[in-house]
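What follows is a set of notes on a single structure, which appears directly below.
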Amino acid sequence: MRQDRPGQSSEASPGKTAAGPGAIPGEDGAAQDPRSGLPVPSGPPLAPRRAYAWRSLGLEPAWRLSAWGLRSLVGRLALALAAPFSPAAARRQRHQVWTSRRVEALVTLLGGLKGAFVKAGQFAAHRHDLLPAGASQPLTQLRDRVPPLGLEELRPVIENELGSPLEQLFPVFDPQPLGAASVAQVHRARLPSGQEVAVKVQYPWLGSALAADLRWVRALLWLAGRWRREKRVDTSRLAAEFERGLREELDFRREAAAAAEIAANLAHDPQIVVPEVVASHSSRRVLTTSFHAAARIGDREALAPLGVKPRDVLAVVARAYAKQVFVDGLFHADPHPGNLFVLVEDGAGELPKVLFVDFGLSRRLSPELRQELRRGAYALIQRDADSFLAGMQRMGMIANGAEAGVREAVDAMLARLQGEGGALGLSGGRVLALKDEAVALLRETPGLQLPDDLLLFAKTLATVFSLGEELDPELDLMQLSLPYLLQFLAAKD
């Protein structure tokens, strides 16, 4: 069972951090990474344990996925044999039950394999061009289906990465994790200085198993592409995007750097709190931050005694994400409620502070993509289908021979926007409704494929708007975001 506690992400992220006391990186003569300033491990590479040998060779995923496929095939065959003897309604019901059970089993299987397989499921969940309707939602449950490892399995990672025995590094280390996610889990601990910290530790086999896991992921993407052949999905391109993102996420130095940059970008707002890394106890596979008590952003029972109003918290979240996505171009790309908290402190009712955790999934939009987004927004405002389609062509979003179908879909979308009063006149609720229509458009239009960075950008905004609808549907997040959107439209990259 996973265990989440106040102030921690359900995606196994360290909680809020203050400036980490302790040794300064490099003061003991240890080498430093020139980009991040974090210590470089001085010990030998961690050798795969025998227990992980099957995983490192790709054999464990092979037999587990094969067993799932065989059971699915047998069940599908049983349905086919029973079909001639059953009325249509009973056949549909049995098929729905069978599909639900197989997807549930797959989600559990991927969660147990962790690493690339959980990430592949999460990746597929927002690729509506890859999966049929109804298949995406169960995969979003993967963040809740990752069983944790015991501390003794993580001990070699911590000691090898940081170069000292666990007890010297952390005199107190809670063996029960605060959370377990796709690539790591988090434990509460205490530094020799007495500072309370959260320690994010990568699973020990991920590095050695990465090549084999990625081969399996490429094979699964190819099969999904064959299944959705009518969509003409470029699975090799998807595989390259997925691999790039996973390799970045496995380097916690990158996460530390992203958190620091986002913190600097949002430093003007005293109500936004971004974790700071305890650099002396962090490395490529271990990330340590200080621990602060906090309540989940959607936990009304915990927030009510503090006098915290959901509307006030949402305003902070809207400002933070609008600035990140429209102005800064680097954004925290996983704003689900398990990654957003409110600090439990005096005065929270008058001035609530929102804590953002887990920067493993962050994204920087390229200048080229930002320019195309700006052109696309102008085209939507002006209802200029030709300009909008030209931008899609420049970004490689339209397969050869699919132009006519995509144009028809774009014309329908622009007509709908005109009926809603234009792109800038939409309310937050209508943005969500149009998001659902865009998902259907992406799923049903052959030859239409969006870059993953663009989909992640859209998914991030949609998740923030969904959070607004859940916590306070009367607050119009679109209006709160509009000044930053206008600043984006007026800027020149």
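How many residues, within the stretch 327-382, are at positive phi and within 15 Å of the chain's Cα centre (by Cα)?
Counting residues in the stretch 327-382 that are at positive phi and within 15 Å of the chain's Cα centre (by Cα) gives 1.
Among the residues of the stretch 389-397, is any small (Gly, Ala, Ser), buried (at least 19 other Cβ atoms within 10 Å of the Cβ), more than 28 Å from residue 334 (Cβ to Cβ) and modelled with pLDDT of 80 or more?
No: the stretch 389-397 contains no residue that is small (Gly, Ala, Ser), buried (at least 19 other Cβ atoms within 10 Å of the Cβ), more than 28 Å from residue 334 (Cβ to Cβ) and modelled with pLDDT of 80 or more.
Pick from 331, 359: which is of a type in the set (Phe, Trp, Tyr), closer than 30 Å to residue 418 by Cβ and touching a helix residue (DSSP H, G or I) at 6+ places or on another chain (Cβ under 7 Å)?
Sole residue among the options that is of a type in the set (Phe, Trp, Tyr), closer than 30 Å to residue 418 by Cβ and touching a helix residue (DSSP H, G or I) at 6+ places or on another chain (Cβ under 7 Å): 331.
Condition check ((1) out of contact with any Asp or Glu (no Cβ under 7 Å at 6 or more places or on another chain); (2) acidic (Asp, Glu); (3) closer than 29 Å to residue 250 by Cα) across all residues:
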site	(1), (2), (3)
309	yes, no, no
317	yes, no, yes
326	yes, no, yes
337	yes, no, yes
342	yes, no, yes
345	yes, yes, no
352	no, no, no
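Filter the stretch 281-320 down to residues that are surrounded by fewer than 22 Cβ atoms within 10 Å (Cβ to Cβ) and within 30 Å of residue 207 (Cα to Cα) and give me whichever is modelled with the lowest pLDDT.
It comes out as 290.
State all residues of the stretch 258-314 that are within 15 Å of residue 353 (Cβ to Cβ) and β-branched (Val, Ile, Thr); if no residue qualifies, say none.
Once the filter is applied, which keeps residues that are within 15 Å of residue 353 (Cβ to Cβ) and β-branched (Val, Ile, Thr), the stretch 258-314 yields 272, 273, 274, 297, 308, 313.
Here is a list of conditions, (1) of a type in the set (Gly, Ala, Ser); (2) surrounded by 15 or more Cβ atoms within 10 Å (Cβ to Cβ); (3) modelled with pLDDT of 85 or more, and residue 338 meets all of them except one; can you say which number that is?
All conditions pass for residue 338, except number (3).
Could you list all residues from the stretch 67-92 that are surrounded by fewer than 10 Cβ atoms within 10 Å (Cβ to Cβ) and not in a helix (DSSP H, G or I)?
Answer for the stretch 67-92, where residues must be surrounded by fewer than 10 Cβ atoms within 10 Å (Cβ to Cβ) and not in a helix (DSSP H, G or I): just 87.
Which residue pairs have Cβ atoms under 9 Å apart, sit 6 or more places apart or on different chains, and have a first residue in the stretch 74-85 that is under 18 Å from residue 102 (Cα atoms) and touching a residue at least 24 places away in the same chain (Cβ under 8 Å) and a second that is part of a helix (DSSP H, G or I) and of a type outside the set (Phe, Trp, Tyr)?
Going by the 9 Å Cβ cut-off, the qualifying pairs are 75/101; 75/102.
Taking the residues in the stretch 287-313 that are in a loop (DSSP other than H, G, I, E, B) and of a type in the set (Val, Ile, Thr) as candidates, determine which candidate is farthest from residue 471 (Cα to Cα).
Result: 308.
The values are calculated or read from the model by the stated rules, or taken from the named source; none is laboratory data. Keep in mind that what you see is a predicted model, and the values were worked out from it rather than measured. When we count neighbours, we look across all protein chains shown, and the Cβ atoms used for this are built from the backbone with ideal geometry, even at glycine.
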